[in-house]
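The values are calculated or read from the model by the stated rules, or taken from the named source; none is laboratory data. Because the structure is a prediction, the values reported are computed rather than measured. Every residue, glycine among them, receives a Cβ derived from its backbone with ideal geometry; neighbour counts consider all protein chains shown.
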Amino acid sequence: MKPIGEIVKQKPIIGWMLFLGTIVIVFLLGLLASSIIERRAEALFAYTPQVEHEQWEPRNEVWGKNFPRQYQSYMQTADTTFESKHNGAQKKDMLAEIPEMVILWAGYPFSKEYNQGRGHYWAIKDVQDILRTAAPMDDKSGPMPGTCWTCKSPDVPRLMEEKGIAEFYKSTWAELGDEVVNHIGCADCHDAKTMDLHITRPALVEAFQRQGRDITKATHQEMRSLVCAQCHVEYYFKGEGKYLTFPWDKGFTMEAMEEHYDEIQFADWTHSLSKTPMIKAQHPDYEIFMMGVHYDRGVSCADCHMPYKSEGGMKFTNHHIQSPLNNVANTCQVCHREETEKLVQNVYDRQDKVIENRTKLEKLLAKAHIEAKFAWDKGANDKQMEAALKHIRAAQWRWDYSAASHGASYHAPLETSRIIANGIEKAQEARLEITRVLASLGYSQEVPMPDISTKEKAQAYIGLDMKTLNKEKKNFLEQIIPEWLSRAKERESSYPVKNL
Ligand code: HEC
Ligand code: HEC
Ligand code: HEC
Ligand code: HEC
């Protein structure tokens, strides 16, 4: 090719064309720059603070005045319409879907009521409504400690600062009823001055410390998961003070946590049929997620559950935390090129396969509890039952660990399948032991099974008086809750908020 100077000398028109072309390009660049500056100005305008409030301010609507987009999208967690094959935003009655669960939790409040979780907007109402918190008609009664409120509200960091952490946990649930009224929100995850992500729950900070790590050194991408790990984790209430503790001292695997519980001989309750000292798994979402390929590749919870959103040319974080399957275009498809249908099918395939074996484990475990009760009734003693109960404890820990984390079968399908396979082996071992015990007591037939085909039948079998429980709850909801809410409104009306 000839040098440009020579071409222009031969055909001057090309020189003029180059000149004019350059002018047009410079003009367009100028337009672009001005539009960018305008957008910036708009963004700055949108973020001009309207109010000044304290870090501990628990009311989302107050924070929302400064950040209306984040606030409005967060309030969409109230929407309960989305339903996927196995999850979604609906409050589904899980005991009605799987009556075996009533047997597995006999003697524990979960056998009274257990629903599929829904959006953060519902956190307070759902814990007030559920039969598990019963019907405390005064401050001192009721089965639950203050610790139960820990993952429900930005009133929690406020109260911990006011009362002290240990005092907070030590309260009864009812004592704090008129104090904890705002659903999970801004103050749980954000610093009020900088809006940076920050950790407000001491249990997570303390778990890191015991592992010799400093959570303030976490990277920005790690924080996009750690804010969720304040609540979406396995935990237990330690000692008389019901001090909220994460069982991570030996590591993040199911076995490492089991070893911790076994070492301190921890039991959440004694099973009312099999008399096994049981562990209730909570919702080890973060821990199981850590075993999956997305965690391994540095993907965070927020990447799938809080994708970016554009509105009026502004990009912000969509705070409508929900199933990513309701928003595949902005979640999965940011990284994957496949069609929506295929990506959703990928999720369903993994869930279906995991749940196939989890259902088998559920049925085996329900049988094991009922057979153990039969052996006790036939006169078996502690020594004879010891091995069987050890296997039941281990089997149910594995089942619950995989079932209580609703995202597990997608977050880490291989790990979840492994845990369930382990559980099936333990449940079979337990049943084998019980057969041996029964044989030594002279019984060699099959153990007769009760009819537990519906939630109602299963609850009647374990001796729950649902009529009374529901009646007491109704009284509590009608008489106590309005009082709690009106006392809270009065208290909050004196909180310092400065209009700017
Ligand atoms: C302060 C505790 C807390 C924090 C922090 C928290 N969650 Fe939750 N989350 C909950 C509770 C409690 C529920 C169940 C609410 C209900 O069912 O009433 C829930 C429900 C959910 C659901 C189910 C919603 C649906 O529509 O099915 C998803 C998904 C979820 N959280 C994801 C996250 C993610 C992602 C983060 C971090 C960005 C996070 N959560 C941070 C406590 C928390
Ligand atoms: C469960 C934790 C959680 C809660 C609750 C929460 N946020 Fe966020 N917020 C996040 C995450 C994660 C990001 C993304 C931060 C990042 O990547 O820098 C974010 C980002 C933001 C940003 C930065 C700009 C943007 O859009 O990325 C603002 C402002 C904000 N949130 C406001 C709020 C307000 C207001 C509320 C209450 C209505 C709220 N947030 C509740 C986790 C939370
Ligand atoms: C790669 C994407 C991805 C990441 C990263 C991710 N999730 Fe999920 N999560 C999903 C999908 C997909 C589901 C299944 C949704 C369904 O079945 O409707 C799910 C389900 C859930 C559920 C149950 C939702 C329901 O409707 O009941 C919770 C809670 C949850 N995830 C929390 C988390 C937390 C906490 C983290 C980080 C520790 C995380 N997720 C990381 C994709 C992701
Ligand atoms: C932030 C990027 C990112 C997002 C968002 C994301 N993925 Fe992935 N996904 C990855 C990476 C990286 C891998 C690892 C594959 C590799 O390295 O080749 C992966 C792997 C997978 C795999 C194969 C691994 C397995 O579990 O068997 C599937 C299936 C998958 N993703 C589905 C999804 C779906 C469905 C969503 C939305 C709910 C999603 N991903 C969201 C980055 C992402």
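Taken together, SER141, SER153 contain a single residue that is polar (S, T, N, Q), out of contact with any strand residue (DSSP E or B) (no Cβ under 8 Å at 6 or more places or on another chain) and part of a loop (DSSP other than H, G, I, E, B), which is SER153. A count restricted to the stretch 259-300 and to residues that are charged (D, E, K, R) and under 22 Å from ILE103 (Cβ atoms) stands at 3.
Put simply, of TYR286, TYR261, TYR295, TYR348 the only residue that is among the aromatic types (Phe, Trp, Tyr) and buried (at least 22 other Cβ atoms within 10 Å of the Cβ) is TYR286. Exactly one residue out of THR48, THR81 is surrounded by fewer than 13 Cβ atoms within 10 Å (Cβ to Cβ), modelled with pLDDT of 95 or more and more than 30 Å from GLY142 (Cα to Cα): that is THR81. When GLU175 is tested against (1) within 21 Å of MET466 (Cβ to Cβ); (2) in a helix (DSSP H, G or I); (3) more than 20 Å from the chain's Cα centre (by Cα); (4) not hydrophobic (A, V, I, L, M, F, W, C), exactly one condition is not met: (1).
The residues in the stretch 268-283 that are closer than 14 Å to ASP400 by Cα, more than 16 Å from ligand 2 (Cβ to nearest atom) and not in a strand (DSSP E or B) can be counted, and the count is 5.
Is it true that some residue in the stretch 58-80 is hydroxyl-bearing (Ser, Thr, Tyr), within 13 Å of ligand 3 (Cβ to nearest atom) and out of contact with any Cys (no Cβ under 9 Å at 6 or more places or on another chain)? Among the residues of the stretch 58-80, at least one is hydroxyl-bearing (Ser, Thr, Tyr), within 13 Å of ligand 3 (Cβ to nearest atom) and out of contact with any Cys (no Cβ under 9 Å at 6 or more places or on another chain), which makes the answer yes.
Kindly indicate which of GLU356, GLU371 is closer than 24 Å to GLY117 by Cα, more than 15 Å from ligand 3 (Cβ to nearest atom) and either of a type in the set (Asp, Glu) or buried (at least 18 other Cβ atoms within 10 Å of the Cβ) (or both). Spell out how you get there, then give the answer.
Numbers: GLU371 fails: closer than 24 Å to GLY117 by Cα.
Within the list GLU356, GLU371, the selection yields GLU356.
Within the stretch 113-127, at least one residue is more than 9 Å from ligand 1 (Cβ to nearest atom) and more than 19 Å from ASN182 (Cα to Cα).
All conditions in (1) small (Gly, Ala, Ser); (2) without any contact (Cβ under 8 Å) to a residue 40 or more places away in the chain; (3) away from ligand 1 (no atom under 16 Å from the Cβ) hold for ALA218, with the sole exception of (3).
Here the stretch 311-333 is the region considered, the condition is being at pLDDT 95 or above and among the aliphatic types (A, V, I, L, M), and the residue that is nearest to ligand 3 (Cβ to nearest atom) is LEU325. When residues in the stretch 175-191 are screened for being surrounded by 17 or more Cβ atoms within 10 Å (Cβ to Cβ) and either at positive phi or in contact (Cβ under 8 Å) with a residue 60 or more places away in the chain (or both), 11 of them pass. The set of residues in the stretch 412-434 that are polar (S, T, N, Q) and surrounded by 17 or more Cβ atoms within 10 Å (Cβ to Cβ) comprises THR416, SER417, ASN422.
If only one of GLU425, GLU415, GLU472, GLU433 is in a helix (DSSP H, G or I), more than 26 Å from LEU364 (Cα to Cα) and of a type outside the set (Ser, Thr, Tyr), which one is it?
GLU472
For LEU244, the criteria (1) surrounded by 21 or more Cβ atoms within 10 Å (Cβ to Cβ); (2) touching a strand residue (DSSP E or B) at 6+ places or on another chain (Cβ under 7 Å); (3) part of a loop (DSSP other than H, G, I, E, B); (4) not aromatic (Phe, Trp, Tyr) hold in every case but one, which is (3).
For the stretch 284-401, please list each of the helices (runs of 4 or more DSSP H) lying entirely inside it that holds at least 3 residues being within 16 Å of ligand 2 (Cβ to nearest atom). Talk me through it step by step, then tell me what you get.
Working: elements: 285-289, 293-296, 301-305, 332-335, 340-377.
The qualifying helices (runs of 4 or more DSSP H) are 285-289, 301-305.
The residues on offer are THR253, THR194, THR219, and the sole one that is out of contact with any Ser or Thr (no Cβ under 9 Å at 6 or more places or on another chain) and within 26 Å of PRO58 (Cβ to Cβ) is THR194. Considering the stretch 298-310, the residues that are more than 11 Å from ligand 3 (Cβ to nearest atom) and free of Cβ contacts under 8 Å to residues at least 40 places away in the same chain include one that is surrounded by the fewest Cβ atoms within 10 Å (Cβ to Cβ), namely SER310.
Annotation: of all residues in the stretch 196-228 being of a type in the set (Gly, Ala, Ser) and either assigned to a helix (DSSP H, G or I) or at pLDDT below 95 (or both), the one that is farthest from TRP248 (Cα to Cα) is SER225.
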